[in-house]
1. For the range 137-151, name all the residues that are open to solvent by 40 Å² or more (accessible area, probe 1.4 Å) and in contact with a strand residue (DSSP E or B) (Cβ under 9 Å, 6 or more places away or on another chain).
2. Being of a type outside the set (S, T, N, Q) and open to solvent by 40 Å² or more (accessible area, probe 1.4 Å) narrows it down to one residue among Glu93, Glu75; which is it?
3. For residues that are part of a loop (DSSP other than H, G, I, E, B) and charged (D, E, K, R), scanning just the range 40-56, find the one that is most open to solvent (accessible area, probe 1.4 Å).
4. Restricting to the range 163-184, name every residue that is in a helix (DSSP H, G or I) and open to solvent by less than 50 Å² (accessible area, probe 1.4 Å).
5. Within the group Thr110, Thr125, Thr120, which residue is within 17 Å of Glu93 (Cβ to Cβ), touching a Phe, Trp or Tyr at 6+ places or on another chain (Cβ under 6 Å) and free of Cβ contacts under 8 Å to residues at least 40 places away in the same chain?
6. Among the residues of the range 99-113, which ones are touching a Ser or Thr at 6+ places or on another chain (Cβ under 8 Å) and buried (at least 19 other Cβ atoms within 10 Å of the Cβ)?
Amino acid sequence: MHRMLGLAVAATLAFAMGAHAHGPARLKTEQTVVLDATPDEVWQVIGRFDDMSWHPAVARTEMTPEGAPADVPEESTRVLHLKADSGDPTITEQLMSIDPEKRQYKYMITDVAVEVLPVTNYSSTLQVKDKDGKAEVTWKGGFYRGYPNNDPPANLNDDAAMAAVNGVYQAGLDALAERFGKAE
């Protein structure tokens, strides 16, 4: 009987220690805003993968290689040059799918310094739906924190990753709300 109890305790401890050693969990976030515009009006502004000029953090968008298509999944790659006091911080993203009829595209980050955005393995969907004739914009993403191992520094932990991505989404949606107005 004692041996069975000992084995059960050992198994429980091994499982608990293995769970702790597993590393970070995938984080997810989603933000939505309903705008005082039609879905088509908003999609015309945000639906082009090669143009992020609507987002206040983006100084310019460049397709790579030069002349690359902006609407071919897994071939369309953009480099976002961010506004900054110094340097040229960039985020490189690849289009994974695009569906103009559903007014949505999915993309993933293929290259970013964790000092610019403290995430890894980031993918996202940007979509505009019709909500009673108004544009409902939903931006959602999944990612891991910038530090893949246990005991991350504060600037690369789960909270930092969530705050950074939520800040990017909020700034973009706020800019759209300023441009089109929020629906009442």
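The values are calculated or read from the model by the stated rules, or taken from the named source; none is laboratory data. On a predicted model such as this, the values are computed, not experimentally measured, just so you know. Reconstructed Cβ throughout: ideal geometry from the backbone, glycine too, with neighbour counts over all protein chains shown. All accessible areas refer to the heavy atoms of the entire protein, side chains included, with ligands and DNA or RNA removed. Shrake-Rupley method; radii C 1.70, N 1.55, O 1.52, S 1.80 Å.
1. Lys140, Tyr144, Tyr147, Pro148
2. Going through Glu93, Glu75 in turn, just one is of a type outside the set (S, T, N, Q) and open to solvent by 40 Å² or more (accessible area, probe 1.4 Å): Glu75.
3. If we take residues in the range 40-56 being part of a loop (DSSP other than H, G, I, E, B) and charged (D, E, K, R), then Arg48 is most open to solvent (accessible area, probe 1.4 Å).
4. Ala164, Val165, Asn166, Gly167, Tyr169, Ala171, Gly172, Leu173, Ala175, Leu176, Ala177, Phe180 - these are the residues of the range 163-184 that are in a helix (DSSP H, G or I) and open to solvent by less than 50 Å² (accessible area, probe 1.4 Å).
5. Answer to the check: Thr120.
6. Correct list: Tyr105, Tyr107, Ile109, Val112.
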